[in-house]
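J.: One structure coming up, written as structure tokens, with questions to follow.
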Amino acid sequence: MIFEAGFAMARFPKSTILVRFDRTTRLFSDIGGVFLLDLSNDFEARQDVVRRLRTCGLDADNSGTAWQSAEAGGGDFTPAQ
């Protein structure tokens, strides 16, 4: 496997967020935990993305309700089959 996000991790280590859509995806040892978000359709997972974006210094807009669920228009993060 080639680590495609290597440049971002090297250049912007504190503001690079990796997102995993399927928890069955194997990770290599150097990346586990610190920079990884497990994204799903759960409200808590969506809140975690907002928190991490803000931690990176971004102004994540969580006003309104559209971002809170796939049904509300916030995107469907169901892993592909």
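J.: To the nearest 0.05, how large is the calculated FRET efficiency for Thr78 and Asp48 if R₀ is 22 Å and r is the Cβ-Cβ distance?
T.: The pair Thr78/Asp48 has a calculated efficiency of 0.80.
J.: Next question, about the same structure. How large is the Rg to Rh ratio of the stretch 6-64 when both quantities use alpha carbon positions and Rh follows Kirkwood?
T.: Here Rg/Rh amounts to 0.98.
J.: Give the angle, between 0 and 90 degrees and rounded to the nearest 10, that separates the Cα long axis of helix 43-55 from the longest principal axis of the Cα atoms of the chain.
T.: With both axes taken from Cα atoms, the answer is about 60 degrees.
J.: Report the longest stretch of the chain that contains none of the trypsin sites (Lys or Arg not before Pro) sitting in a DSSP loop with at most 16 other Cβ atoms within 10 Å.
T.: The longest uninterrupted stretch comes out as 27-81.
FYI, it's all coordinate maths here, none of it is from the lab. Note that the coordinates shown come from a computational prediction; the quantities given were computed from them, not determined experimentally. Ideal geometry is used to build each Cβ from the backbone, glycine not excepted, and the neighbour counts take in all protein chains shown.
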